[in-house]
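Every number in this text was worked out from the coordinates using simple rules, so none of it is lab data. Not measured: the values here are computed from a predicted model. FYI the Cβ positions are ideal-geometry reconstructions off the backbone, even for glycines, and counts take in every protein chain you see.
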Amino acid sequence: MRECGHRRTMRYGWSFGLLAGLVVLLAFLNLCSGSSSLTLREVCAVLAGNSTDETAVHILMLIRLPRMLAALLLGGSLSVAGFQLQCFFGNPIAGPFVLGISSGAKLTVALALVYALQGGFLLHAGGLVAASFVGSLLSMGFILLLSGKLRNTSLLIVGGIMIGYICSAVTDLVVTFADDANIVDLHNWSMGSFSGTDWGDVRAMSLTAGAALALSFCLAKPMDAYRLGEAYARNMGVNIRRFRVELILLSSVLSACVTAFAGPVSFVGVAVPHLVKGLLGTARPLVVLPACFLGGAAFCLLCDLLARMLFAPVELSISTVTAVFGAPVVICMMLQRRKHG
């Protein structure tokens, strides 16, 4: 028994070491790579405040560093939100994008942005997050209504996908017929991208997502009990109604934060938790939650790097790249479920 526990601890240790190492490596690759390449020494000099190259300082501090931090923080947040939804619905295919939550948030943000553009005023970070949160909650509300009618979780996933398609169609109509020169930026945002992130955005997403992530980690023990069944969770002293509300709100806040600043990002919330659980060999939230954050951060850092560099100077949308890597993982997951079920 003691040897088994030692092996498990060792596996956790090297898994977290691998994920953390990937995050650091990909973070520096994102900072070094671009239309103007920087060496690792130049990057370290700028970060340490010892660089005299104004061009390097401008590129790194105003463009690449905020974008890298956004990919890291939002990627981790989306992965954690996906794991929370999988725990809530008891389905490994559940995720913000698959269930239509990201699409609902995209719709309300698009409506808010178009209204702001037509009114001649700017919508700041707080307004974006608030509009996105409303859309996330509305989509989640529809999903919960469907869950009361559809006991089959596979049908529930299909219902979420349909909600996502409806929201995306309405968003496309809004973007297409909006009459403003800045609508090009709105179209790019609606496809998903970390570009254009500034330090104000980083501060806003750090406060919003940071608070939600901290509270999510506090729910790790109730989540562990809940995944073993409602009866077991009640016997362990978990207030089921309050727990569900907290889980819904936190997953909605995290999804809303990602959509507000980066647009819809597909498959991260489904693929990364599955990969992380396979790497760790466990589904315990106390272990999986921090690993999901690191895994989501590494995944989005890699995808953002490829989106920028593959066909430079043309930049791909982040969802295009995440779908290429994430969709096969979801397909393999479904085939495994069919094989074992």
**Message:** Translational diffusion coefficient of the chain at 25 °C, 0.890 mPa s, Stokes-Einstein with Kirkwood Rh over Cα pairs, in µm²/s as a whole number.
**Reply:** 119 µm²/s
**Item:** Relative contact order [Cα under 8 Å, 6+ residues apart], segment 204-258, whole percent
**Value:** 51 percent
**Asked** Hey, can you rank 300-311, 250-261 by average C-beta count inside 10 Å, highest first?
**Response** 250-261, 300-311
**Fill in**
Expressed as a whole-number percentage, the relative contact order of segment 265-337 with C-alpha contacts under 8 angstrom and at least six residues apart is 43 percent
**Item:** Most fluctuating residue given options GLY269, GLY76, GLY141, as computed from a GNM of the chain linking Cα atoms under 10 Å
**Value:** GLY141
**Asked** In percent, what relative contact order does the chain have, based on Cα pairs under 8 Å that are 6 or more apart in sequence?
**Response** 30 percent
**Asked** What is the Cα radius of gyration of segment 239-341 over 2.2 N^0.38 Å, N being its residue count?
**Response** 1.22
**Message:** For a bin width of 5 Å, list the pair-distance distribution of segment 1-105 built from all Cα-Cα distances, rounded to whole %.
**Reply:** 2, 10, 14, 14, 12, 13, 12, 10, 8, 4, 1, 0
**Request:** Indicate the helices, whole DSSP H runs only, in the chain that combine a mean Kyte-Doolittle hydropathy of 0.5 or more with a Cα extent along their long axis of 24 angstrom or more.
**Result:** 2-32, 65-89, 101-119, 125-149, 153-177, 199-218, 240-262, 285-309, 318-340
**Message:** Taking the beta-carbon count within 10 Å as an exposure proxy, list LYS277, LYS221 from fewest neighbours to most.
**Reply:** LYS221, LYS277
